[in-house]
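The values are calculated or read from the model by the stated rules, or taken from the named source; none is laboratory data. Everything numeric here is computed off the predicted structure, so don't read it as measured data. Neighbour counts run over all protein chains shown; Cβ positions are idealised from the backbone, glycine included.
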Amino acid sequence: MDAYDPGTLPALLAGEPPYRLRQVRSWLARGIDDPAGMTDLPQELRERLGARLAPAPRVLRISTADGGLTRKVLLECGGGEAVESVLMLYPRTSGRAARATVCISTQAGCALGCPFCATGQAGFRRQLTVGEILRQVTVMQRLLAAGEAAVPGAVDHVTNVVFMGMGEPLANLDATVAAVRWLVDQAGLGLSARSITVSTVGLVPGIRRLTGLGLPITLAVSLHAPDDRLRDDLVPVNRQHPLAELLEACRGYRAATGRRLTFEYVLIDGVNAAMGQARALAALVGDMGCHVNLIPMNPTPAVPWTAPPVPAQRAFAGVLERAGVPTTIRRNRGGDIDAACGQLYASYAVASGKVLPAAVGAAERVSAVAADADRR
Ligand code: SF4
């Protein structure tokens, strides 16, 4: 049984005094999910919980980059799977409080096949459970509390969570929603909803369900192309939910939550990074009360794409800024430890000779669409 599943602990602790539930939840929030370590519980209860709850996953690897500011953890899950999560520390500055942000995965692999994405190239393996999603946060909480990730000016607990690792969160919607609820629950991690970001490539039914949750979490929507023709190939789910439908759902989210939207746009040289495409993007989102995050393409093992040169990235951002769209160019954290979405798994897969299906032929197909768009 999964300790983080909303019904599990109340069922297992039925008949115990109410404070037992609070005790167990408090241990989980501190990253102690093996009942043997819950030292204020009676031995008999620890053993009973230990026999019923799924074992805590082993940490397979911890890598460090950026002078200790970035940590990547590879966690073992059931069935021989492994998931990756990244802790990014932002020490206090004169204008901003310190933060510790965890980027987590919601699926082992992904079925949506975006060809620029290392996770998409590796295909879908299975959904993660709510416990497997949340343990990626609590393992970081434990590292921070133990001082194992300490750097000067940093906090000792998780302050922000972004659902931007492997997988499409809204394709594992029930587990994602349960995880968000635990993160904001005072009996869980007690985070502010505003400190949680859920990303999506545009699964409109999921956006509508998030809209109905009534929680002001930040929605980050991956656009990656300013028109349906190119987006159909760069983000294949666009064929089911084209841009007009997606942007209408985004407007609904903004109206219901009051939250500013974030649009993600990976910059790929020769594909979607031309000045005309910047103007088209500005026209598309200029009235949406949004922020655009430009992500220079991180090379993946299986496609030949790269980011445009830095001056071209700045020029693209400049077009958006002049159109009144606040824009940032994201600095890739932990590039030397494969910290971008799915890259650790993809490196393993390529090294061990696995086929990455979404990559096959995708680069040629998308480049042809982009060249055609340039000519028109
Ligand atoms: S970008 Fe996101 S949705 Fe697309 S393949 Fe990668 S993980 Fe899946």
Exercise. For segment 113-231, which fully contained helices (runs of 4 or more DSSP H) count at least 2 residues that are over 18 Å from the mean Cα position of the chain (by Cα) and of a type outside the set (Lys, Arg)?
Worked result: 130-145, 204-213
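Consider Thr93 carefully, then state whether it is out of contact with any helix residue (DSSP H, G or I) (no Cβ under 9 Å at 6 or more places or on another chain) and surrounded by fewer than 24 Cβ atoms within 10 Å (Cβ to Cβ).
yes
Those residues that are touching a residue at least 40 places away in the same chain (Cβ under 8 Å) and more than 16 Å from Leu173 (Cβ to Cβ), I need them from segment 233-245; list them, please. Before you say what the answer is, go through the steps one by one.
Going through segment 233-245, the residues touching a residue at least 40 places away in the same chain (Cβ under 8 Å) turn out to be 233-237, 243, 245.
Correct list: Asp233, Leu234, Val235, Pro236, Leu243, Glu245.
Just one of Leu128, Leu143, Leu170 is more than 16 Å from the ligand (Cβ to nearest atom) and touching a residue at least 24 places away in the same chain (Cβ under 8 Å); which is it? I'd like the intermediate steps shown before the answer.
Working: Leu128 fails: more than 16 Å from the ligand (Cβ to nearest atom); Leu170 fails: more than 16 Å from the ligand (Cβ to nearest atom).
Just a single option satisfies the conditions, and that option is Leu143.
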Seminar exercise, completed: Of those in segment 28-48 that are more than 21 Å from Gly78 (Cβ to Cβ) and among the hydrophobic types (A, V, I, L, M, F, W, C), the residue surrounded by the fewest Cβ atoms within 10 Å (Cβ to Cβ) is Leu45
Exercise. Among (1) in contact with a helix residue (DSSP H, G or I) (Cβ under 7 Å, 6 or more places away or on another chain); (2) modelled with pLDDT under 95, which single condition is Arg181 missing?
Worked result: (1)
Exercise. If you go through segment 49-56 one residue at a time, do you hit one that is touching a Ser or Thr at 6+ places or on another chain (Cβ under 9 Å), of a type in the set (Lys, Arg) and either assigned by TED's automatic domain parsing to the domain that holds Val161 or surrounded by 15 or more Cβ atoms within 10 Å (Cβ to Cβ) (or both)?
Worked result: no
Exercise. Regarding Ala118, is this residue surrounded by fewer than 23 Cβ atoms within 10 Å (Cβ to Cβ), among the aliphatic types (A, V, I, L, M), within 14 Å of the ligand (Cβ to nearest atom) and farther than 19 Å from Arg25 by Cα?
Worked result: no
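Say whether the condition of being at pLDDT 90 or above and within 16 Å of the ligand (Cβ to nearest atom) is met by at least one residue in segment 151-162.
Of all residues in segment 151-162, those at pLDDT 90 or above come to 157-162.
Cutting the leftovers down to within 16 Å of the ligand (Cβ to nearest atom) gives us 162.
Within segment 151-162, one or more residues are at pLDDT 90 or above and within 16 Å of the ligand (Cβ to nearest atom).
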Exercise. Do we have Leu69 as more than 20 Å from the chain's Cα centre (by Cα) and either more than 16 Å from the ligand (Cβ to nearest atom) or not assigned by TED's automatic domain parsing to the domain that holds Asp233 (or both) here?
Worked result: no
For this session: Kindly indicate whether Val198 is touching a residue at least 60 places away in the same chain (Cβ under 8 Å) and within 16 Å of the ligand (Cβ to nearest atom).
Result: no
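Residues in segment 233-254 that are in a helix (DSSP H, G or I) and either in contact with a Leu (Cβ under 8 Å, 6 or more places away or on another chain) or closer than 22 Å to Ile268 by Cβ (or both): how many?
Of segment 233-254, the ones in a helix (DSSP H, G or I) are 233-234, 236-239, 243-254.
Then drop every residue that is not either in contact with a Leu (Cβ under 8 Å, 6 or more places away or on another chain) or closer than 22 Å to Ile268 by Cβ (or both), which leaves 233-234, 236-239, 243, 246-247, 250, 253-254.
The qualifying residues number 12.
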